Amino acid sequence: MLGFRDRGTRRARLAALVFALATALVLGAVACGSSSSTSLPPTTGILIRAETLTAGRGCGTAETQLFKYVVVVFQYSGGDPNLRASYDAVVTSNAFDCYTDGAFISLPTIDGNATFRLEVFAYNRPAYEVAPASIDAAPVLGRARTPEDRARLATFAGELRERTTPTWTTECTATQQANVQALASCDPLSPGLAGLGGGAAPPTRIALDTTRFELPDGRAALCAPATQAPDAGAEPDDAGADEPDAAGDVDAGEPGDAGAPLSFAKVRVRTRIGAQVIADAVVTCPTSFVADVVPEPLAYELDVGLLDPAGARVDPGAQTLCTVTTRTGTTSSAVCPTSAP
């Protein structure tokens, strides 16, 4: 059995051991932190910030969002170094997800010229899925180290224009500096190939078929352009469909009996982006409603009101809401509600 003196000696030794271990751990942590802060060398290269490309559009799978982008890097090839056209020798290329910065490390220089021109091909998900193999070939090609490499990269750059349909494009410049990741300066993204001098994209349009609509109360409405106008004493509705409220909703009016189909002769279409009405038109059915819109992929809502030949609503509930998301250079058809089975 230990005496009180032996117990005290043992406790003192234990306390000293604990203190020594704690000191070693603290010193080790400091040494580790110090070495990690100096072990990563500075990086020489150029960088495109992903947020520069996705600003105002977002990153994701929606048709209005940027999904993936490809960057082709060109270096000085001779001539006036102040002209972008003098930078047409392909150096490298790569493909990036929308949330990833486009980084290129330690690019070679020619005659001391460290400035590069970058072509950016940006795709939403539908555009990417049309030609994924062509787009994903960018990282496989790697850097141009031989004349054969340069020829393959030049062919690839041309195929991006010919075999893919970029949603947006732009051009950037960057000057590489030693031990610095230099940020590229990019022009704003433009629809199609317009950002690379490819000219304006074909017209972008939205279209709405006007032969038949399914109303919120379950009734069908059919085009009947020969329907007679109402009695002269009837007061026409000067606005057609009700004005949308601040949230963009259309007042469905008093529901009617879900029975015989309604007949209409004209369709009033208010085109909105959110709560903002950007166009208001009336067409005689069965002529489709077609409108030119900006080439940028956007989501639109169409407030549809059904009218008689005189322009009056055929019924308080004769209105519906259709939607459409555009694709640059094409005509996109609006989708309207259908009756429940």
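The values are calculated or read from the model by the stated rules, or taken from the named source; none is laboratory data. On a predicted model such as this, the values are computed, not experimentally measured, just so you know. Note that we place each Cβ from the backbone using ideal geometry, even for glycine, and neighbour counts take in every protein chain shown.
Here are some notes:
- Some residue of segment 151-162 being within 18 Å of the chain's Cα centre (by Cα), surrounded by 14 or more Cβ atoms within 10 Å (Cβ to Cβ) and either of a type outside the set (A, V, I, L, M) or at pLDDT 95 or above (or both): no
- Every pair of residues 6+ apart whose Cβ atoms lie under 7 Å, when the first sits in segment 77-89 and is farther than 15 Å from Ala154 by Cα while the second is outside any loop (DSSP other than H, G, I, E, B) and basic (Lys, Arg): Arg84/Arg117
- Among the residues of segment 173-180, not a single one is assigned by TED's automatic domain parsing to the domain that holds Asn94, in contact with a helix residue (DSSP H, G or I) (Cβ under 6 Å, 6 or more places away or on another chain) and more than 30 Å from Val282 (Cβ to Cβ).
- Being among the β-branched types (Val, Ile, Thr) and modelled with pLDDT under 90 is not true of Ile135.
- When each of Asp280, Asp303 is tested for being modelled with pLDDT of 95 or more and crowded, with 20+ Cβ neighbours inside 10 Å, the lone residue that passes is Asp303.
- Residue that is modelled with the highest pLDDT, among those in segment 186-244 that are out of contact with any Ser or Thr (no Cβ under 8 Å at 6 or more places or on another chain), surrounded by fewer than 19 Cβ atoms within 10 Å (Cβ to Cβ) and charged (D, E, K, R): Arg212
- In segment 58-70, the qualifying residues are those that are touching a residue at least 24 places away in the same chain (Cβ under 8 Å) and out of contact with any Gly (no Cβ under 8 Å at 6 or more places or on another chain), and the one that is nearest to Leu118 (Cα to Cα) is Val70.
- Residue list for segment 133-175, restricted to those being touching a Cys at 6+ places or on another chain (Cβ under 8 Å) and over 24 Å from Asp111 (Cα atoms): Thr170
- Restricting Thr287, Thr330 to residues that are at negative phi and modelled with pLDDT under 95 narrows the list to Thr330.
- Complete set of residues in segment 176-211 that are part of a strand (DSSP E or B), out of contact with any Cys (no Cβ under 7 Å at 6 or more places or on another chain) and either without any contact (Cβ under 8 Å) to a residue 60 or more places away in the chain or of a type in the set (Phe, Trp, Tyr) (or both): Ser190
- Filtered residues of segment 38-79 (kept if surrounded by fewer than 16 Cβ atoms within 10 Å (Cβ to Cβ) and assigned to a helix (DSSP H, G or I)): Thr38, Ser39, Glu51
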